[in-house]
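The values are calculated or read from the model by the stated rules, or taken from the named source; none is laboratory data. All values derive from a computational prediction rather than experimental measurement. Virtual Cβ from ideal backbone geometry, glycine too; neighbours counted across all protein chains shown.
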Amino acid sequence: MRLLVLADTHLRAGRSLPASVVAAVERADGVLHAGDVTEAELLDELAARKPLWAVLGNNDRTLSDRLPEVIEEIFDGVPVAMVHESGARKGREARLHRRFPDARVVVFGHSHEPVDVLGVGGQRLFNPGSPTQRRRQPVATFGWLKLERGRILEHRIVPVGG
(Lines give C-alpha, C1' and ligand atoms only; values in the text may rest on other atoms or scores of the structure.)
Protein backbone atom coordinates (compact mmCIF):
# COMPACT_ATOMS: atom_id res chain seq x y z
CA MET A 1 0.00 0.00 0.00
CA ARG A 2 1.49 3.32 -1.10
CA LEU A 3 0.36 6.23 1.08
CA LEU A 4 0.82 9.89 0.24
CA VAL A 5 1.53 11.75 3.48
CA LEU A 6 0.54 15.40 3.88
CA ALA A 7 0.40 17.86 6.76
CA ASP A 8 0.03 21.58 7.25
CA THR A 9 -1.53 22.38 3.88
CA HIS A 10 -3.23 25.47 5.38
CA LEU A 11 -5.36 25.99 2.29
CA ARG A 12 -7.79 28.88 2.32
CA ALA A 13 -10.46 29.70 -0.25
CA GLY A 14 -9.02 30.25 -3.70
CA ARG A 15 -5.77 28.32 -3.06
CA SER A 16 -5.03 24.79 -4.14
CA LEU A 17 -2.39 22.13 -3.72
CA PRO A 18 0.67 22.36 -5.97
CA ALA A 19 0.29 20.40 -9.23
CA SER A 20 2.99 17.88 -8.25
CA VAL A 21 1.07 17.05 -5.06
CA VAL A 22 -2.20 16.64 -6.98
CA ALA A 23 -0.37 14.28 -9.36
CA ALA A 24 0.99 12.35 -6.36
CA VAL A 25 -2.56 11.88 -5.04
CA GLU A 26 -3.39 10.06 -8.26
CA ARG A 27 -0.42 7.68 -7.81
CA ALA A 28 -1.29 6.87 -4.19
CA ASP A 29 -3.43 4.06 -2.81
CA GLY A 30 -4.52 6.39 0.00
CA VAL A 31 -3.75 9.72 1.66
CA LEU A 32 -2.77 10.47 5.25
CA HIS A 33 -3.17 14.10 6.35
CA ALA A 34 -1.62 14.99 9.72
CA GLY A 35 -3.70 18.10 10.35
CA ASP A 36 -4.02 21.78 9.56
CA VAL A 37 -6.11 21.13 6.48
CA THR A 38 -8.04 24.33 7.39
CA GLU A 39 -10.80 23.97 4.76
CA ALA A 40 -13.40 21.24 4.29
CA GLU A 41 -13.10 21.58 0.51
CA LEU A 42 -9.65 19.99 0.53
CA LEU A 43 -10.88 17.09 2.66
CA ASP A 44 -13.76 16.54 0.23
CA GLU A 45 -11.48 16.78 -2.81
CA LEU A 46 -8.97 14.27 -1.42
CA ALA A 47 -11.66 11.87 -0.19
CA ALA A 48 -13.32 11.93 -3.62
CA ARG A 49 -10.08 10.76 -5.23
CA LYS A 50 -8.58 8.29 -2.73
CA PRO A 51 -9.22 6.76 0.69
CA LEU A 52 -8.37 9.48 3.20
CA TRP A 53 -7.33 9.42 6.84
CA ALA A 54 -6.95 12.85 8.44
CA VAL A 55 -6.58 14.22 11.95
CA LEU A 56 -7.50 17.53 13.51
CA GLY A 57 -4.84 20.23 13.60
CA ASN A 58 -4.68 23.33 15.77
CA ASN A 59 -5.88 25.47 12.82
CA ASP A 60 -8.78 23.17 11.90
CA ARG A 61 -11.35 24.92 14.09
CA THR A 62 -14.19 24.50 11.57
CA LEU A 63 -13.43 20.78 11.13
CA SER A 64 -13.64 19.63 14.76
CA ASP A 65 -16.88 17.76 14.04
CA ARG A 66 -15.30 15.89 11.09
CA LEU A 67 -11.80 14.98 12.22
CA PRO A 68 -10.49 12.96 15.16
CA GLU A 69 -7.47 14.13 17.13
CA VAL A 70 -5.74 10.76 16.72
CA ILE A 71 -5.93 7.88 14.28
CA GLU A 72 -4.51 4.44 14.97
CA GLU A 73 -4.90 2.10 12.01
CA ILE A 74 -3.22 -0.96 10.55
CA PHE A 75 -2.20 -0.54 6.92
CA ASP A 76 -1.21 -3.77 5.17
CA GLY A 77 -0.06 -5.25 8.46
CA VAL A 78 1.80 -2.15 9.73
CA PRO A 79 0.38 -0.35 12.79
CA VAL A 80 0.37 3.41 12.14
CA ALA A 81 -0.60 6.22 14.52
CA MET A 82 -1.24 9.79 13.39
CA VAL A 83 -1.54 12.99 15.42
CA HIS A 84 -0.99 16.64 14.53
CA GLU A 85 1.18 17.84 17.40
CA SER A 86 4.10 15.76 18.65
CA GLY A 87 5.34 18.26 21.22
CA ALA A 88 8.84 19.67 21.60
CA ARG A 89 11.78 18.10 19.76
CA LYS A 90 13.45 17.25 23.05
CA GLY A 91 11.99 14.00 24.32
CA ARG A 92 9.82 13.46 21.21
CA GLU A 93 10.99 9.89 20.58
CA ALA A 94 10.21 8.66 24.11
CA ARG A 95 6.98 10.66 24.35
CA LEU A 96 5.56 9.27 21.09
CA HIS A 97 6.60 5.75 22.01
CA ARG A 98 4.81 6.05 25.36
CA ARG A 99 1.69 7.44 23.68
CA PHE A 100 1.65 4.94 20.80
CA PRO A 101 3.57 1.87 22.03
CA ASP A 102 2.15 -0.46 19.38
CA ALA A 103 2.70 1.82 16.36
CA ARG A 104 5.55 1.00 14.00
CA VAL A 105 5.09 4.40 12.33
CA VAL A 106 3.94 7.66 13.95
CA VAL A 107 2.94 10.38 11.50
CA PHE A 108 2.70 13.94 12.77
CA GLY A 109 2.76 17.53 11.55
CA HIS A 110 2.53 21.01 13.09
CA SER A 111 6.14 22.17 12.77
CA HIS A 112 6.31 22.27 8.94
CA GLU A 113 9.70 20.61 9.48
CA PRO A 114 10.23 17.32 7.63
CA VAL A 115 11.26 14.48 9.94
CA ASP A 116 12.06 10.88 9.02
CA VAL A 117 13.91 9.20 11.88
CA LEU A 118 13.90 6.06 13.95
CA GLY A 119 12.72 6.56 17.50
CA VAL A 120 12.52 4.32 20.55
CA GLY A 121 12.34 0.61 19.74
CA GLY A 122 12.76 1.24 16.00
CA GLN A 123 9.50 3.19 15.77
CA ARG A 124 9.59 5.37 12.63
CA LEU A 125 8.71 9.02 13.29
CA PHE A 126 7.52 10.75 10.13
CA ASN A 127 6.55 14.37 9.53
CA PRO A 128 6.14 15.17 5.81
CA GLY A 129 6.65 18.91 6.32
CA SER A 130 4.30 21.21 4.39
CA PRO A 131 3.65 21.28 0.64
CA THR A 132 2.44 24.88 0.78
CA GLN A 133 4.22 26.71 3.64
CA ARG A 134 7.89 25.84 3.93
CA ARG A 135 8.54 28.36 6.72
CA ARG A 136 12.19 27.92 7.74
CA GLN A 137 12.77 24.97 5.39
CA PRO A 138 14.61 25.32 2.08
CA VAL A 139 11.71 23.78 0.11
CA ALA A 140 8.09 22.75 0.57
CA THR A 141 7.68 18.97 1.02
CA PHE A 142 5.34 16.00 1.29
CA GLY A 143 5.96 12.32 2.00
CA TRP A 144 5.51 8.76 0.85
CA LEU A 145 5.11 5.60 2.90
CA LYS A 146 4.98 2.21 1.23
CA LEU A 147 3.75 -0.53 3.55
CA GLU A 148 3.42 -4.15 2.55
CA ARG A 149 2.76 -7.37 4.46
CA GLY A 150 3.82 -5.93 7.79
CA ARG A 151 6.94 -4.22 6.42
CA ILE A 152 7.87 -0.61 5.82
CA LEU A 153 9.29 -0.69 2.29
CA GLU A 154 9.56 3.05 1.69
CA HIS A 155 9.64 6.18 3.81
CA ARG A 156 10.60 9.27 1.91
CA ILE A 157 10.33 13.05 2.11
CA VAL A 158 9.86 14.62 -1.34
CA PRO A 159 10.39 18.24 -2.38
CA VAL A 160 7.34 19.78 -4.05
CA GLY A 161 7.97 19.89 -7.77
CA GLY A 162 10.85 17.43 -7.39
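Looking at region 65-77, is at least one residue touching a residue at least 60 places away in the same chain (Cβ under 8 Å) and of a type outside the set (D, E, K, R)? Checked region 65-77: at least one residue is touching a residue at least 60 places away in the same chain (Cβ under 8 Å) and of a type outside the set (D, E, K, R). Of the residues screened, Glu45 is one that is under 17 Å from Pro131 (Cβ atoms) and free of Cβ contacts under 8 Å to residues at least 24 places away in the same chain.
A single entry from Ala81, Ala88 fulfils the requirement of being free of Cβ contacts under 8 Å to residues at least 24 places away in the same chain and either assigned to a loop (DSSP other than H, G, I, E, B) or among the small types (Gly, Ala, Ser) (or both): Ala88.
Looking at the structure I just gave you, is Pro114 surrounded by fewer than 21 Cβ atoms within 10 Å (Cβ to Cβ), farther than 14 Å from Gly150 by Cα and not aliphatic (A, V, I, L, M)? Quick ask: steps written out before the conclusion?
Numbers: surrounded by fewer than 21 Cβ atoms within 10 Å (Cβ to Cβ): no; farther than 14 Å from Gly150 by Cα: yes; not aliphatic (A, V, I, L, M): yes.
No; evaluated as a whole, the condition is false for this residue.
Remark: Arg104 matches the filter, which requires a residue to be among the basic types (Lys, Arg) and farther than 18 Å from Glu69 by Cβ.
Here is a check on your reading of the model: is Thr9 more than 22 Å from Arg149 (Cα to Cα), in contact (Cβ under 8 Å) with a residue 12 or more places away in the chain, among the polar types (S, T, N, Q) and surrounded by fewer than 22 Cβ atoms within 10 Å (Cβ to Cβ)?
Working: more than 22 Å from Arg149 (Cα to Cα): yes; in contact (Cβ under 8 Å) with a residue 12 or more places away in the chain: yes; among the polar types (S, T, N, Q): yes; surrounded by fewer than 22 Cβ atoms within 10 Å (Cβ to Cβ): no.
Judged against the criteria, Thr9 is not a match.
Which condition number does Arg156 fail, the rest of (1) touching an Asp or Glu at 6+ places or on another chain (Cβ under 9 Å); (2) over 19 Å from Ser20 (Cβ atoms); (3) part of a strand (DSSP E or B) being met? Going through the list (1) touching an Asp or Glu at 6+ places or on another chain (Cβ under 9 Å); (2) over 19 Å from Ser20 (Cβ atoms); (3) part of a strand (DSSP E or B), Arg156 breaks only (2).
Among Leu56, Leu67, Leu17, which is the only one that is at pLDDT below 95 and over 17 Å from Leu145 (Cβ atoms)?
Numbers: Leu56 fails: at pLDDT below 95; Leu67 fails: at pLDDT below 95.
Only one candidate passes the filter, namely Leu17.
Looking only at region 137-150, count how many residues are farther than 21 Å from Ser20 by Cα and either buried (at least 19 other Cβ atoms within 10 Å of the Cβ) or modelled with pLDDT under 95 (or both). Outline the logic, then answer.
Here is the first cut: in region 137-150, the residues farther than 21 Å from Ser20 by Cα are 147-150.
Next, only the ones that are either buried (at least 19 other Cβ atoms within 10 Å of the Cβ) or modelled with pLDDT under 95 (or both) stay: 147.
So the count comes out to 1.
On the basis of being free of Cβ contacts under 8 Å to residues at least 24 places away in the same chain, of a type outside the set (Gly, Ala, Ser) and in a loop (DSSP other than H, G, I, E, B), does Pro131 make the cut? So Pro131 fails the test. Every test in (1) surrounded by 15 or more Cβ atoms within 10 Å (Cβ to Cβ); (2) modelled with pLDDT of 95 or more; (3) among the hydrophobic types (A, V, I, L, M, F, W, C); (4) part of a helix (DSSP H, G or I) is passed by Ala47 save one, and that test is (1).
Every condition in (1) surrounded by fewer than 14 Cβ atoms within 10 Å (Cβ to Cβ); (2) outside any strand (DSSP E or B) is met by Glu73 except one, and the failing one is (2).
As a summary of the residue check, Leu96 satisfies the conditions (1) farther than 19 Å from Leu125 by Cβ; (2) touching a helix residue (DSSP H, G or I) at 6+ places or on another chain (Cβ under 9 Å); (3) modelled with pLDDT of 95 or more except for the one numbered (1).
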